[in-house]
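Chemist: The structure's right below; bear with me while I get my questions together.
Readers should treat all values here as calculations from the given coordinates under stated rules, not as data from a laboratory. Note that the coordinates shown come from a computational prediction; the quantities given were computed from them, not determined experimentally. Heads up, the Cβs are rebuilt from the backbone with ideal geometry, glycines too, and the neighbour counts pull from every protein chain shown.
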Amino acid sequence: MSKKLAAVIDIGAITARIKIFEINAKGKPKEIEAVRKYTGLGLRSYRSGVIMPEQVDELCKCLKMFDLKCREYGVSKVFCVATSAFRDASNAEVVIEKVRTRTGFKIRVLENSMERYYQGIAVQAIYPEFSKMIANGTMMLDIGSGSLQASVYDKSEFVFSQNLVLGSLRISGMLADLENRTTHYEEVMEEFIGQDLDDYHAVEPKGITYKNLIAFSGEIGFIKRLAGYDPMDSCIMTKEQFMETYDYLLKTRPTDLTLHDNIPSTISPLLLPTALIIKNMMEYTNVDRIYMPHASLSDGIIYYYCYKHLGLKAAVDPDSYIVSAAKHLAKRYRCDKKHIEFVENAALSIFDSIKKVSGLSDRDRLLLHVAVILHEVGKFVHSKGHSDAAYSVISYTNLMGLDKDELNMCALVVRLYPRDDPYDSYYYSILPSDQKVIVSKLCSILRIADSMDASHKEKAKKISYALKPDKFVISCQSSQDMTFEAWAFEHRCGLFEDVMGIKPVLNSRREI
C-alpha cells in the first residue's frame, strides 16, 4: 500500500482542531500538521442546553478553513466528530444538518463511551510498554471539558471504568458565580469535586495496589508547561513537581495566568479544576509520579482506523478490553463462571462455524461475546425474571468501546434469548430493520449454546461443529446423561433454523 493522507476534525467544547496524518505502507500514521481554532461551543451549550446561531456561524467558518487545508494536502479520508458540547445540546440534530448543508461535513457525535475508547487507544499507541504497565494497578484519568472518565487496569486486564460529570469547563462554569462570593473559592471547588470523587471511590473495585497514574486532557499541556515541560511532548511528572505547579495554580488568579504566563483566557480558569482532580486521584492511588501523555481523540480515531482497515498491528487488541470489562462485570454479579465459559466457547465456535452463511460481521461476533458473558447477570437481582433484570443492568452499564445502539443490542439479546417467541417484544419491535436481523441471529446462537449446558454441569466434552448443506451438526461426548440438554436443545433450535435457514442438530455419544 502506498502512502495516503487522512484527516480527523475534532469539534470540542472549547476548540475545533484538524490533524492531518500521513499513513505509510505498514498502516502506521504520522502527524504532519495540526491546526486549532477557538469556537467556545461548550461555554454556552452547557448552561443554555443549545448551540446558538452565532456559534454555528463560527463553526462553519472554521470547517470551511479546514476543508481548504484538506484540499491543499489532497486528503483522501476525513473523519469529522464532535463530543460533549453536541451531546448536551438539545438542538444538535438541527445544527448537524445546518453544518452539512453549508460545509459538506457530516458531523458524527461521539457518545461518551466511544470518545473515551478512542482516547484510550491513543494512550496505548504512545506507550509501547502499556501492556507491561497494566500488569500492575493502573488508573487512567481522561479529563474532558464536560466529564471525567476514570478507568482501572490490573493484572494486564481492563477492570473497571466510570464516568463522572466533572469536566474542567463544566466545573468552572457551574462554580463561576461563587468566585466573587467567597474568599475560599478553591476550598469550595475542592469540596465540590471531592463529593463526586467520593461517589466514584465507593463503587470502584477494591484491593488494587496502584503503581501508575496516567492523566490527560485538552488543558494538561499548559500544566506541563508551567512545570517546565514541553506541552507537546509526553512526560512523567514527579509528585513534587506536580504539587509545586498545583500550589502555583492555587495562588494565581486566572487573569494573572493569562497576563504573566501567556495562557489563553479561555483556558486559564480550567487549569485549577483539572489539577484538583489529578491531586485527589494522586492522593487516593498513593503514586509518586504521573504519566502525562500527549494524546488526543484525533490520534485514537486514526489509530483505530489503521488497526481495523489498514493492517496496522496493535500490541493489544483494543476490543479485548471490552471483553475483559464484561467479564469483570459478570464477576461482580456473581455469575456461574464455569457455565459462562462453556456457553462462551460454544457460542463463539458456532458463530465461527456458520459465518459464511450467517451474514454476520466480526463486530457482531464481539456483540455476541459480550452478550454471552453477561447473559446471567440478572440472576443476582431476580432469579425468576433474570433476563429482564439483566437487560436493565447492561443498559445502564458504561462499557467503553460500545456505542448506545450496540449496548442496546447486547442487552436485547440477553433479554430475549430465553423467550419462546423473541419477536413478541415491544423493545424488539422498535429496533431498526438491520438491528432486528442482527439481534435475531445472535439470539438464536445464544439459545442453542446455552441449551447445551442447560443443567450447568458442563456435561458435553470433545465438541465438534460441522456445517453441511442442509444442517448444522454439533457432536459431543459425555460420561453423563445428556437427556436434559437434548430436550432443551430441541426446544431452543427453532429460532436458529428460522433466521439462519439451516437446521441445527445435536448428536451426543456416551463416553466410555
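Chemist: For region 242-280 and region 285-311, what is the separation of their Cα centres, given in Å?
Modeler: 25 Å
Chemist: Follow-up question, since we're still on this one. Taking the 0 to 90 degree range and rounding to the nearest ten, how far is the long axis of helix 185-203 tilted relative to the main principal axis of the chain, both from C-alpha atoms?
Modeler: That helix lies at roughly 10 degrees to the long axis.
Chemist: Given the options Tyr423, His260, Leu272, identify the residue whose Cα lies farthest towards the positive end of the charge dipole of the chain (+1 on Cβ of Lys, Arg; -1 on Cβ of Asp, Glu).
Modeler: Of Tyr423, His260, Leu272, it is Tyr423.
Chemist: Rounding to the nearest 10 and keeping the result within 0 to 90°, find how far the Cα-based axis of helix 297-309 lies from the longest principal axis of the chain.
Modeler: Approximately 30 degrees, to the nearest ten.
Chemist: Same structure, new question: Can you tell me which lysines have their Cα less than 21 Å from the Cα of Lys279? Leave out same-chain residues fewer than eight positions away.
Modeler: Within the straight-line limit of under 21 Å, Lys279 reaches these lysines: Lys206, Lys211, Lys224, Lys239, Lys251.
Chemist: Something else about it: Which angle from 0 to 90°, rounded to the nearest 10, does the C-alpha axis of helix 268-285 make with the longest principal axis of the chain?
Modeler: 50 degrees
Chemist: Which residues make up the longest stretch of the chain clear of GluC sites (Glu not before Pro) that lie in a DSSP loop with no more than 13 other Cβ atoms within 10 Å, not counting the sites?
Modeler: 130-510
Chemist: Which listed residue (Leu226, Leu374, Ser320) has the Cα farthest towards the positive end of the charge dipole for region 225-376, taking +1 on Lys and Arg C-beta and -1 on Asp and Glu C-beta about the Cα centre?
Modeler: Leu374
Chemist: Hand me the trypsin sites (Lys or Arg not before Pro) from region 267-347 located in a DSSP loop with no more than 16 other Cβ atoms within 10 Å, in residue order please.
Modeler: Lys313, Arg334
Chemist: Give me, ordered by chain and number, the residues 5 or more places off Asn136 or on other chains with an amide H under 5 Å from its own placed amide H.
Modeler: Lys155, Ser156
Chemist: Another question, if that's okay. If you take every DSSP beta bridge fully contained in the chain, what fraction is antiparallel? Give it as a percent rounded to 5.
Modeler: Bridges in the chain that DSSP calls antiparallel: roughly 60 percent.
Chemist: For the chain, with only Lys/Arg (+1) and Asp/Glu (-1) charged at the beta-carbon, what is the dipole magnitude about the Cα centre, in debye rounded to 20?
Modeler: Magnitude of the dipole: close to 1660 debye.
Chemist: Please report, in debye to the nearest 20, how large the charge dipole of region 258-397 is about its Cα centre when each Lys and Arg carries +1 at its beta carbon and each Asp and Glu carries -1 there.
Modeler: 420 debye
Chemist: What pairs in Lys338/Lys468; Lys37/Lys106; Lys436/Lys471; Lys37/Lys61 have C-alpha atoms more than 22 Å from each other?
Modeler: Listed pairs above 22 Å: Lys338/Lys468; Lys436/Lys471.
Chemist: Okay, next question. Answer with a single label: of [x] 0.96; [y] 1.08; [z] 1.26, which was calculated as Cα Rg over 2.2 N^0.38 Å from the structure in view?
Modeler: Computing Cα Rg over 2.2 N^0.38 Å and matching it to [x] 0.96; [y] 1.08; [z] 1.26 gives [y].
Chemist: For region 306-401, which chymotrypsin sites (Phe, Trp or Tyr not before Pro) pass both filters: DSSP loop (anything but H, G, I, E, B) and at most 10 other C-beta atoms within 10 Å?
Modeler: Counting only loop positions with at most 10 other Cβ atoms within 10 Å, the chymotrypsin sites (Phe, Trp or Tyr not before Pro) in region 306-401 are Tyr396.
Chemist: If amide hydrogens are placed 1.01 Å from N in the peptide plane, which non-local residues have theirs closer than 5 Å to the one on Phe160?
Modeler: Close amide H contacts, sequence-distant or interchain: Val152.
Chemist: Considering only C-alpha atoms, what is the centroid distance from region 50-108 to region 412-458, in Å?
Modeler: Going from one Cα centre to the other spans 39 Å.
Chemist: Can you return the aspartates and glutamates within cross-link range of Lys355? Criterion is Cα-Cα under 20 Å, with same-chain partners fewer than 8 residues away left out.
Modeler: Asp319, Glu344, Asp364, Glu406, Asp434, Asp450, Asp470, Glu497, Asp498
Chemist: So how do Ser429, Ser298 line up by other beta-carbon neighbours within 10 Å, fewest first?
Modeler: So the ranking, lowest neighbour count to highest, is Ser429, Ser298.
Chemist: List every residue whose amide H lies under 5 Å from the amide H of Asp453, counting only residues 5 or more places away in sequence or on a different chain, with H placed 1.01 Å from N in the peptide plane.
Modeler: Those qualifying (amide H under 5 Å, at least 5 residues apart or on another chain) number zero.
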